[in-house]
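Worksheet for the structure shown next.
Just so it is clear, none of the values below were taken in a lab; they were calculated from the coordinates. Everything numeric in this text was worked out from a predicted model, so none of it was measured. Positions of Cβ are backbone-derived with ideal geometry, glycine not excepted, and every protein chain shown enters the neighbour counts.
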Amino acid sequence: MKKLRSQNWFGKKGKDGFIYRAWMKNQGIPDDEFQGKPVIGICNTWSELTPCNAHFRELAESVKRGILEAGGFPLEFPVMSLGETLIKPTAMLYRNLMSMDTEESIRANPLDGVVLLCGCDKTTPATVMGAASVGLPTIVVSGGPMLTGKFKGKNVATSDVWRWSEANRKGELSDVEFRLAEGCMARSKGHCAVMGTASTMACMVESLGLCLPENAAIPAADSRRKVIAQLSGRRIVDMVREDLTIDKILTRAAFENAIMLNAAIGGSTNFVVHLLAIAGRIGVDLTLDDFDKLGSHIPLLANLQPSGDYFMEDFYYAGGLPVVIKELDKELHSDALTVNGQSISENCKASECYNAEIIATREKPFQEASGIAVVYGNLCQNGAIIKPSAATAELMVHKGKALVFENIEDYHARINDPNLEADPTDVLVLKNVGLKGYPGMPEVGNMAVPKKLLSQGVTDMVRISDGRMSGTAYGTVFLHVSPESAAGGNLALVENGDMIEVDVPNRSLNLIVSDEVLAERRKNWQPADLGYNRGYVEMYIREVEEAHLGGDLKFLKGNSGSEVTRDSH
Ligand code: FES
């Protein structure tokens, strides 16, 4: 076995070694723990402010048990945590900050390997980005989805929030019932129970080979969640002995597999910015076009909300992601290595589908083509994305008048106005909700349709913005427009009544306004002053890259390895 990195601390003689060990011993740690055992960091995103991750102390205990059984020495540490539901203005604003915390915490400490405990949306990409920039052996343990909610005898989960909210706006669901639904939906520990962003991220790490098989879908409340945590604890110790570092897992082939599998499960559009950011850290050259090229022809094999009928709990009982991987074996790079030392294909040889209504076969998919489509045009020279499986088929080719909202406040102020001039064929345009413009690119791209039209029975319209969409949402929504409006993209120049033409089969999104008129409008355009002139947010606005590159901070791209060259003792 290669010399353990942790021995640069605990194996030292003299005053330095004394100091490194002595202060650890105040936790009641016996001397033999420091005698050359792999030291495993458990990077815990536990927080009561991140309800989806609030059970992680318990999960960490299972990981520790596994590490000890395998002869390692576990040390749990906290990093910043991002709770999607509570954080304002939006959790995405802090993804990169959390990744910095993770990266620096791992590198600065005497660790040989790391277990990432993550669940709620951003906690997965942020910790993986940070770990990728260090490069130690790394394994992910996801927190698992909530149990399926039950409301008025029906199965429910996060996607129903949008339906209930519309029903409440239309007066079809009373305020009392709306309130009652809260506890019925969130009835157990875990993250959102649909194929929203958290589940998509859990499937992403399983597709990349960064966790043990089945990790993505085991419900948080299922005792097998603790079992996989314990097994992961055992495995990371061997990964250190084998020097199975994260760069050996995160290859170009692994990223391509993740894109194809995300298409097959109907994963969230947020997958795009997170996978691009992770690729940027590990040095794999991935572009927005790869998502369309590799994913858009992949059939939909999972019937899961928000685009389908079932929930993550059902997905697990039906066989989970390994069944989908097995079905897609011909498309995937089947020899891609995973953390258990086996290939992605070997891992699911024995997997079986137990419910054909939830996981389809390659021959009889739920939809012939799924995945994310990338469109270009004068409204989005660097691209925009849409998830056709969550959209209305008739609106995939459409021409309509722009109904423009200058920012989210303008949208809120006017959307319920009974006098708002709006037609079902209009295209809703929301500006200034991008990475720089909001800042942090909130999940508001699936803006609700005008109340006036909703009461006429209109449930979907073409919507365009530089924002993101919750993975639990749906609709004909063009997202991640790049360049964003706050960076001077043409989106900033759209005016009410301009004609917009969308053509998803031909991958185009255009504003039918001449270049001359746009140039004239540009002369009068100025970015809004958001008033952020200090601290992290000022730095974020200055340094953040556009959405088509993953929205990382420029100076965080790449990695710095695990070596620490200076030593103050
Ligand atoms: Fe945490 Fe949905 S709010 S996963």
**Asked** Expressed as an acute angle from 0 to 90° and rounded to the nearest 10, what is the orientation of the C-alpha long axis of helix 159-169 relative to the principal long axis of the chain?
**Response** 40 degrees
**Complete:** Quick note, region 159-217: a/c under 1.5 would make it rounded; otherwise a/b > b/c is prolate and the rest oblate (a ≥ b ≥ c, C-alpha gyration tensor); here it is prolate
**Mean Cβ neighbour count within 10 Å, used as a protection proxy, ranking 52-58, 144-150, 526-532, 84-90 highest first** = 144-150, 52-58, 84-90, 526-532
**Request:** Would you mind checking which residues have amide H under 5 Å from residue 427's amide H? H placed 1.01 Å from N; only 5 or more apart, or other chain.
**Result:** 401, 402, 403
**Prompt:** Can you list the HN-Hα couplings for region 184-193, worked out from phi with the Karplus curve (6.51, -1.76, 1.60; θ = phi - 60°), rounded to whole Hz and with x for Gly and Pro?
**Reply:** 6, 7, 9, 9, 8, 5, x, 9, 3, 8
**Message:** If I stretch the segment between residue 172 and residue 152 completely, what's the gain in nm (0.36 nm per residue apart, minus their alpha carbon distance), one decimal?
**Reply:** 5.8 nm
**Prompt:** What spacing in nm lies between the two simple spin-label points modelled at residue 330 and residue 108, each 7 Å away from Cα in the Cβ direction?
**Reply:** 5.2 nm
**Item:** Any cysteine of the chain lacking a neighbouring Cys Cβ under 4.7 Å - listed by number
**Value:** 43, 118, 184, 192, 203, 211, 348, 353, 380
**Asked** Taking Cα atoms of the chain, Rg/Rh with Kirkwood Rh, to two decimals?
**Response** 0.99
**Fill in**
Nearest 10, in degrees from 0 to 90: the angle of helix 56-69 to the longest Cα principal axis of the chain is 40 degrees
**Asked** What's the exposure ranking of 397, 537, going from fewest to most Cβ atoms within 10 Å?
**Response** 397, 537
**Radius 13 Å from Cβ of residue 314, net charge of other residues (Lys, Arg +1; Asp, Glu -1)** = -4
**Request:** Take each of the peptides 449-457, 384-392, average the number of other beta-carbon atoms within 10 Å over its residues, and list them starting from the highest.
**Result:** 384-392, 449-457
**Prompt:** By DSSP, what percent of the beta bridges with both residues in the chain are antiparallel, rounded to the nearest 5?
**Reply:** 45 percent
**Asked** Rounded, prolate or oblate: which one fits region 416-494, using the alpha carbon gyration tensor with axes a ≥ b ≥ c (rounded when a/c is under 1.5, else prolate when a/b beats b/c, else oblate)?
**Response** prolate
**Request:** Quickly estimate the mean residue ellipticity at 222 nm for the chain, helices only: each DSSP H run with n ≥ 4 gives -39500 (n - 2.57), and the total goes over all residues, rounded to 500.
**Result:** -10000 deg cm²/dmol
**Prompt:** What pairs in 152/387; 170/399; 293/349; 12/554 have C-alpha atoms more than 32 Å from each other?
**Reply:** 12/554
**Item:** Cβ-based exposure ranking for 480, 412, in which fewest neighbours within 10 Å come first
**Value:** 412, 480
**Burial order of peptide ranges 285-292, 315-322 (average beta-carbon count within 10 Å, highest first)** = 315-322, 285-292
**Test item: Cα-centred dipole of the chain, Lys/Arg +1 and Asp/Glu -1 on Cβ, debye** = 1560 debye
**Asked** Rounded, prolate or oblate: which fits region 454-493, taking a ≥ b ≥ c as square roots of the Cα gyration tensor eigenvalues, rounded meaning a/c under 1.5, else prolate when a/b beats b/c?
**Response** oblate
**Item:** For residue 461, residues with placed amide H under 5 Å, excluding near neighbours
**Value:** 476
**Request:** Filter the GluC sites (Glu not before Pro) in region 428-514 down to the DSSP loop ones having no more than 13 other Cβ atoms within 10 Å, then list what survives.
**Result:** 495
**Fill in**
One checks the Cα atoms of region 445-566 and finds Rg and Dmax, in Å, of 18.8, 68
